[in-house]
Amino acid sequence: MFALDVITHSPAQTYQLGQQLGAMTREGDLICLCGELGVGKTTLASGIGNGWGAREIVNSPTFVFVNEYSDSRGRRLYHIDAYRLRDAADSQSIALDDLLNDPHGAVMIEWAERVQDVLPNEYLQIDLVAVDDQTRQVKLEARGEQYKKVVDSLVLRDT
């Protein structure tokens, strides 16, 4: 495992971090967002969607479980909110396996810890923790070589 801790000092900085991650997101990628209510998962996800090239603003899919976004090249970004899933077995009800295996799609899961048992071995895990009202500790953990390259790229951009 390879990890990087980043501190953001405002929702705007959290969004900007998401934009950087989104610009590096490719078809087949899996991004798992974890953290308590109100720590900025959706802000980060919205930035990821923007950086990825979503034609629409990425919002929380809380009441529909999955939002699908497309870009100008025909790629898809699936944004899943697993908060209301009771356990990993519930992931079958949203066809998570199909979404993860879409060759033209990337998947981003909020509350990913709820479906941890059915996730593949390789993904980018992002844990957000509130330090205070504005400041967030964002821990990026690469699980697999392709995600290590993403985290390495963030380190290089930060210097």
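Is it the case that some residue within region 87-99 is among the acidic types (Asp, Glu), exposed (fewer than 15 other Cβ atoms within 10 Å of the Cβ), at pLDDT below 90 and farther than 23 Å from Gly144 by Cβ? Yes.
Being small (Gly, Ala, Ser) and not in a loop (DSSP other than H, G, I, E, B) is the filter; apply it to region 1-16 and report the residue that is modelled with the lowest pLDDT. Steps first, answer last, please.
First pass over region 1-16, keeping only residues small (Gly, Ala, Ser): 3, 10, 12.
Narrowing further to those that are not in a loop (DSSP other than H, G, I, E, B): 3, 12.
Numbers: Ala3: 89, Ala12: 96.
Among those that are small (Gly, Ala, Ser) and not in a loop (DSSP other than H, G, I, E, B), it is Ala3.
Residues in region 101-159 that are hydroxyl-bearing (Ser, Thr, Tyr) and within 13 Å of the chain's Cα centre (by Cα) were compared, and the one that is farthest from Gln20 (Cα to Cα) is Tyr123. Scoring Glu113 on the criteria (1) out of contact with any Gly (no Cβ under 7 Å at 6 or more places or on another chain); (2) buried (at least 19 other Cβ atoms within 10 Å of the Cβ); (3) under 16 Å from Leu140 (Cα atoms) leaves a single failure, condition (2).
Among the residues of region 73-86, those that are of a type in the set (D, E, K, R), farther than 19 Å from Ala23 by Cα and more than 12 Å from the chain's Cα centre (by Cα) comprise Arg84, Arg86.
Could you look through region 17-72, keep only residues that are in a loop (DSSP other than H, G, I, E, B) and of a type in the set (Lys, Arg), and pick out the one that is nearest to the chain's Cα centre (by Cα)? Walk me through it before giving the result.
Step one: of region 17-72, the residues in a loop (DSSP other than H, G, I, E, B) are 25-29, 35-40, 53-65, 71-72.
Those still in the list that are of a type in the set (Lys, Arg) too: 26, 55.
Working: Arg26: 12, Arg55: 17 Å.
Looking at residues that are in a loop (DSSP other than H, G, I, E, B) and of a type in the set (Lys, Arg), I get Arg26.
Do we have Gln116 as touching an Asp or Glu at 6+ places or on another chain (Cβ under 9 Å) and polar (S, T, N, Q) here? Break it down stepwise before answering.
Details: touching an Asp or Glu at 6+ places or on another chain (Cβ under 9 Å): no; polar (S, T, N, Q): yes.
It is false that Gln116 is touching an Asp or Glu at 6+ places or on another chain (Cβ under 9 Å) and polar (S, T, N, Q).
Would you call Gly38 surrounded by fewer than 20 Cβ atoms within 10 Å (Cβ to Cβ), at pLDDT below 95, touching a strand residue (DSSP E or B) at 6+ places or on another chain (Cβ under 9 Å) and farther than 24 Å from Asp133 by Cα? No: the conditions fail for Gly38. Within region 132-159, the set of residues being exposed (fewer than 14 other Cβ atoms within 10 Å of the Cβ) and outside any helix (DSSP H, G or I) comprises Asp132, Asp133, Thr159.
The values are calculated or read from the model by the stated rules, or taken from the named source; none is laboratory data. Quick caveat: nothing in here was measured; it's all calculated off a predicted structure. We place every Cβ from the backbone using ideal geometry, glycine too, and count neighbours over all the protein chains shown.
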